[in-house]
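Q: Take a look at this one; I'll ask things after.
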Amino acid sequence: MSFLIINASPRKNKNCHQAVEQIKDIFDGNSVDYKILNIWDMNIEYCNACGYCNQNGICHIKDDMKDLYKEFDLSKGTIVVSPVYFDCIPAKLKSLIDRTQAFYASKYILKKPSIDRNKHRMGFFISVGGSKVYKTQFLASQIVVDFFYKSINTKLIDNLYISNTDEVEIKDNEKALEDIKKISIRLIKEVGL
């Protein structure tokens with residue numbers, strides 16, 4: 001597997017889906033392997049801070065995260081496409097990110113990483129806001145996602161913030177489509193595919 005593309009929106013065929021489709025088309029056109037994770041269709045429980053991973057380096061919860069831990073480790077990178085909910089990411093994405101505490105615990109508490117820390121992985125983040133741009137629209141999302149990329153040992157090469165999608169959908173926003181294309185191509189080149 002090459003890349004994981006996380007679609008963090010529950011809305012089918014809307015703006016995040018349109019951004020994912022643009023990435024998919026670029027990857028298909030460049031023969032890049034990928035897997036799309038529509039996380040709202042997945043069973044991902046909340047982290048309950050039980051401390052199991054602090055002692056064992058893995059999470060004890062049996063759900064779809066069990067396979068995702070392996071996929072993050074095997075991937076060449078991860079792309080997150082997320083809507084903005086109250087200046088941050090949706091709860092489902094936050095749950096996925098919180099569950100990567102198992103990687104953090106294995107690396108920093110137990111000093112026995114459960115993810116290959118020497119593997120060269122790269123990714124980027126697309127945050128989609130329906131309203132017109134305002135100063136803090138993407139701030140909280142970015143802070144959380146920065147920690148996520150560190151947890152999964154992936155270099156975050158770029159962030160793309162797309163505002164005003166309630167009025168202009170991504171599929172009709174030539175600048176947004178071009179920016180997605182540029183970042184996707186850059187990602188392909190930087191990982192050497």
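Q: In region 154-187, which residue that is surrounded by 20 or more Cβ atoms within 10 Å (Cβ to Cβ), under 17 Å from the mean Cα position of the chain (by Cα) and not hydrophobic (A, V, I, L, M, F, W, C) is nearest to THR100 (Cα to Cα)?
A: In this case the residue turns out to be THR154.
Q: Would you pick out the residues in region 1-50 that are small (Gly, Ala, Ser), more than 18 Å from LEU177 (Cβ to Cβ) and buried (at least 18 other Cβ atoms within 10 Å of the Cβ)? It would help to see each step written out before you state the result.
A: In the first step, residues of region 1-50 are kept if they are small (Gly, Ala, Ser); the result is 2, 8-9, 19, 29, 31, 49.
Subsequent filtering for residues that are more than 18 Å from LEU177 (Cβ to Cβ) retains 2, 8, 31, 49.
Matches in region 1-50: ALA8 only.
Q: Which residues, counting only those in region 100-122, are within 15 Å of THR78 (Cβ to Cβ) and either assigned to a helix (DSSP H, G or I) or in contact with a Ser or Thr (Cβ under 8 Å, 6 or more places away or on another chain) (or both)? If you could, list the steps in order and put the result at the bottom.
A: We begin by selecting, within region 100-122, every residue within 15 Å of THR78 (Cβ to Cβ); these are 100, 103, 115-116, 119-122.
Listed by number, the residues that qualify are THR100, PHE103, ILE115, ARG121, MET122.
Q: Let me ask something additional. Please tell me if THR136 is in contact (Cβ under 8 Å) with a residue 24 or more places away in the chain and exposed (fewer than 14 other Cβ atoms within 10 Å of the Cβ).
A: On the way: in contact (Cβ under 8 Å) with a residue 24 or more places away in the chain: yes; exposed (fewer than 14 other Cβ atoms within 10 Å of the Cβ): yes.
Taking the combined requirement at face value, the residue satisfies it.
Q: Which members of region 59-77 meet the condition of being in contact (Cβ under 8 Å) with a residue 12 or more places away in the chain and over 19 Å from LEU4 (Cβ atoms)?
A: From region 59-77, those in contact (Cβ under 8 Å) with a residue 12 or more places away in the chain are 59, 61, 63-65, 68-69, 71-77; that's our starting set.
Within region 59-77, just ILE61 meets the criteria.
This table checks each residue for (1) outside any helix (DSSP H, G or I); (2) not hydrophobic (A, V, I, L, M, F, W, C).
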{"position": "ILE58", "(1), (2)": "yes, no"}
{"position": "LYS62", "(1), (2)": "yes, yes"}
{"position": "LYS66", "(1), (2)": "no, yes"}
{"position": "TYR69", "(1), (2)": "no, yes"}
{"position": "VAL80", "(1), (2)": "yes, no"}
{"position": "LEU93", "(1), (2)": "no, no"}
{"position": "ASP98", "(1), (2)": "no, yes"}
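Q: Just checking, does region 43-54 include any residue being β-branched (Val, Ile, Thr), outside any helix (DSSP H, G or I) and within 18 Å of PHE148 (Cβ to Cβ)? Give the derivation first.
A: Just the residues of region 43-54 that are β-branched (Val, Ile, Thr), to begin with: 44.
Subsequent filtering for residues that are outside any helix (DSSP H, G or I) retains 44.
Right, trim to within 18 Å of PHE148 (Cβ to Cβ) and you get 44.
There is at least one residue in region 43-54 that is β-branched (Val, Ile, Thr), outside any helix (DSSP H, G or I) and within 18 Å of PHE148 (Cβ to Cβ).
Q: Follow-up question, since we're still on this one. Quick test of your reading of the structure: PHE125 fulfils all but one of (1) in contact (Cβ under 8 Å) with a residue 60 or more places away in the chain; (2) of a type outside the set (A, V, I, L, M); (3) outside any helix (DSSP H, G or I); (4) crowded, with 19+ Cβ neighbours inside 10 Å. Name the failing condition by number.
A: (1)
FYI, it's all coordinate maths here, none of it is from the lab. Every value quoted in this text rests on a predicted model; they were computed, and no experiment measured them. Here Cβ is always computed from backbone atoms with ideal geometry, including for glycine, and neighbour counts include all displayed protein chains.
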